[in-house]
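Undergrad: A single structure is presented below for examination.
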Amino acid sequence: MAASAVDFSGTWRHQHSQNLEAFMAALGTPPSLRTRSKGFEPKVDVKEHNDDWITWSTTANGRTTTNHFKLGNEFYEDTGDGKKRKVVYFWNNNQLVSVFKDWDGTGTPLTITRWMDGHNVMAEVKYRDVTLKRIYRKS
């Protein structure tokens, strides 16, 4: 597995989301939960280890989920909504990509592409025909 020149290690705080409401609606999130979620400001802690292992912890609304995985190997990730879904992470040039081949049980994929832009991590999340964009700043 080829390593990337980008190191995502550190603590990242959510700064801004674009298209969150439409994205959550596409996922089938109930309106009451969509309203409550608007105020969530997730914090992400990332630690890249040797041999392509990564530990990824996300804290939002007082709940922390932690996943430890090896790039290129499919595993069951705790997605923070109480479910575990199969995913694989890999490098695509200097972007960290995660692909859930069957997000909703119907074979519909969800893909997250992350990259560095200066001092920010940019994340683009695609599900069906909707794209959510998020910006995180290193703290």
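Undergrad: So, taking all protein chains as they sit and a 1.4 Å probe, how much accessible area belongs to Glu74, in Å² rounded to tens?
TA: Surface accessible to solvent at Glu74 totals approximately 100 Å².
Undergrad: If I stretch the segment between His68 and Asp7 completely, what's the gain in nm (0.36 nm per residue apart, minus their alpha carbon distance), one decimal?
TA: 20.4 nm
Undergrad: Same structure, new question: For Arg137, Arg34, write out the residues from largest to smallest accessible area, computed with a 1.4 angstrom probe and no ligands counted.
TA: In descending accessible area the options line up as Arg137, Arg34.
Undergrad: From largest to smallest, what semi-axes in whole angstrom does segment 21-139 give when each is the square root of 5 times an eigenvalue of its alpha carbon gyration tensor?
TA: They are 22, 18, 15 Å, listed from largest to smallest.
Undergrad: For Ala25 and Lys101, FRET efficiency with R0 = 25 Å and r from the beta-carbon atoms, rounded to 0.05?
TA: E(calc), rounded to 0.05, equals 0.65.
Undergrad: Give me the three principal axis extents of segment 1-91 from the C-alpha atoms, as integers in angstrom, largest value leading.
TA: Computed over the Cα atoms, the extents are 42, 26, 23 Å.
Undergrad: In nanometres, what is the gap between the two model label sites at Asn94 and Glu41, each 7 Å from Cα along Cα-to-Cβ?
TA: Going by the 7 Å Cα→Cβ label model, 2.8 nm.
Undergrad: Nearest 0.05, what FRET efficiency do Glu124 and Asp51 give at R0 = 25 Å with Cβ-Cβ as r?
TA: Efficiency at R0 = 25 Å is approximately 0.40.
Undergrad: Sticking with this structure for a sec: To the nearest whole percent, what portion of all C-alpha pairs in segment 70-139 is separated by more than 14 angstrom?
TA: It works out to 63 percent of all Cα pairs.
Undergrad: Just the number, please: carbon plus sulfur as a percent of the accessible area of the chain, 1.4 Å probe, no ligands or DNA/RNA counted.
TA: Carbon and sulfur together cover 47 percent of it.
The values are calculated or read from the model by the stated rules, or taken from the named source; none is laboratory data. These numbers were taken from a predicted model, which means no experiment stands behind them. Positions of Cβ are generated from backbone atoms using ideal geometry, with glycine treated the same way; all protein chains shown enter the neighbour counts. Keep in mind that these areas ignore ligands, DNA and RNA; they rest on the heavy atoms of the full protein, side chains included. Shrake-Rupley method; radii C 1.70, N 1.55, O 1.52, S 1.80 Å.
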